[in-house]
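Please read the structure below before turning to the comments.
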Amino acid sequence: MSAPYLAVFIIAGIIVIWNIVTFAMYGIDKRKAQKKKWRISESTLILCAFLMGAAGALGGMSVFRHKTNHLKFKLLVPLALAMNIAVAFFLLHHFEILNLFS
């Protein structure tokens, strides 16, 4: 496997792992809320979504039914997903990564 292909797979793997971590953070926060313990701040949860973890954040909100009634999360997490997709497409186009696979 050549270096450009390897770099794409490594970056994609990092993003997948980050989304799993973000998903888990929503589950951990939900559990802590139920037990009335220390919580992960809302700003941290939203920041994780904007740092390429929006898919995990949306998944966590849905699976754990967490923060789904908060307007801030209803608006910002989908916005983060749109921005994550836009950044991914920009990088794929700018660095001509899609041409590697044709």
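Laboratory data are not the source of any read-out in this text; all were calculated from the coordinates shown. This structure is a prediction, so every number in the text was calculated from the model and none was measured. We place every Cβ from the backbone using ideal geometry, glycine too, and count neighbours over all the protein chains shown.
Pick from N19, N84, N69: which residue has the top mean-square fluctuation in a GNM of the chain where Cα pairs under 10 Å get a spring?
Its mean-square fluctuation being the largest, the pick is N69.
Could you pull out the chymotrypsin sites (Phe, Trp or Tyr not before Pro) across the range 20-100 that fall in loop regions by DSSP (anything but H, G, I, E, B) with no more than 15 other Cβ atoms inside 10 Å?
Details: sites: F23, Y26, W38, F50, F64, F73, F89, F90, F95; in loops: W38, F95.
When the chymotrypsin sites (Phe, Trp or Tyr not before Pro) of the range 20-100 are filtered for loop state and at most 15 Cβ neighbours within 10 Å, W38, F95 remain.
Among V77, V21, V87, whose mean-square fluctuation peaks in a Gaussian network model of the chain (Cα, cutoff 10 Å)?
Looking only at V77, V21, V87, the biggest GNM fluctuation is shown by V87.
Quick one: 3J(HN,Hα) in Hz for the range 41-54, Karplus 6.51/-1.76/1.60 with θ = phi - 60°, rounded, Gly and Pro as x.
Running phi through 6.51 cos²θ - 1.76 cosθ + 1.60 with θ = phi - 60° gives 5, 4, 5, 5, 4, 5, 4, 4, 5, 6, 8, 6, x, 5 Hz.
Which one of G60, G13, G27 has the biggest mean-square fluctuation once the chain is modelled by GNM with Cα springs under 10 Å?
G13
Around L47, with a cut-off of 14 angstrom between Cβ atoms, what is the net charge of the other residues, counting Lys and Arg +1 and Asp and Glu -1?
On the way: positive: K67, K72; negative: D29, E42.
Charge balance near L47 sits at 0.
Do the sum for the chain: with -39,500 (n - 2.57) for every DSSP H run of n ≥ 4, divided by all residues, what is the mean residue ellipticity at 222 nm, to the nearest 500 deg cm²/dmol? Numbers along the way, then the final one.
On the way: 4 runs with 74 residues, N = 102.
Estimated from H runs of four or more residues: -24500 deg cm²/dmol.
Please list, by residue number, every one of the trypsin sites (Lys or Arg not before Pro) in the range 1-93 that is coil in DSSP and has at most 11 other beta-carbon atoms within 10 Å.
Details: sites: K30, R31, K32, K35, K36, K37, R39, R65, K67, K72, K74; in loops: K35, K36, K37, R39, R65, K67.
In loop regions of the range 1-93 (DSSP not H, G, I, E or B), the sparsely surrounded trypsin sites (Lys or Arg not before Pro) are K35, K36, K37, R65.
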